[in-house]
1. So Val11 clears everything in (1) in contact (Cβ under 8 Å) with a residue 24 or more places away in the chain; (2) loosely packed, with under 14 Cβ neighbours inside 10 Å; (3) part of a strand (DSSP E or B) except one condition, right? Which one?
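The values are calculated or read from the model by the stated rules, or taken from the named source; none is laboratory data. Computed from a predicted model, the values in this text were never measured in an experiment. Heads up, the Cβs are rebuilt from the backbone with ideal geometry, glycines too, and the neighbour counts pull from every protein chain shown.
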Amino acid sequence: MCKDLVTLQNVSSLKDIGAALLTNHHAFPVLNSKGNFVGIIPRNYLLILVQQRHFYGSNVDATFASDNQDYKGSSKQLEQAMALSKSPT
């Protein structure tokens, strides 16, 4: 059992997803806005969703434009996590 639990919200930012993907966990508990458990999402599902840019909301670019610095940091984290997931272990 893991002592450092990494959870995601049912609507998470790219920054949080990137941070989660940089861990060695294979799946992540998903919590709703009240902190209640609603499910588990496997690491490989997250990678596919990010690679194919399946984001929540219809105007994702406008959302990121308002917080451009955070987006740049998030995409770096995601690129690192995806590169690590492709490397043989």
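1. Condition (3) is where Val11 drops out.
Yes/no per residue for (1) surrounded by 15 or more Cβ atoms within 10 Å (Cβ to Cβ); (2) at pLDDT below 70; (3) aliphatic (A, V, I, L, M):
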site: Asn24; (1), (2), (3): no, no, no
site: Pro29; (1), (2), (3): no, no, no
site: Lys34; (1), (2), (3): no, no, no
site: Gly39; (1), (2), (3): no, no, no
site: Ile48; (1), (2), (3): no, no, yes
site: Tyr71; (1), (2), (3): yes, yes, no
site: Leu78; (1), (2), (3): yes, yes, yes
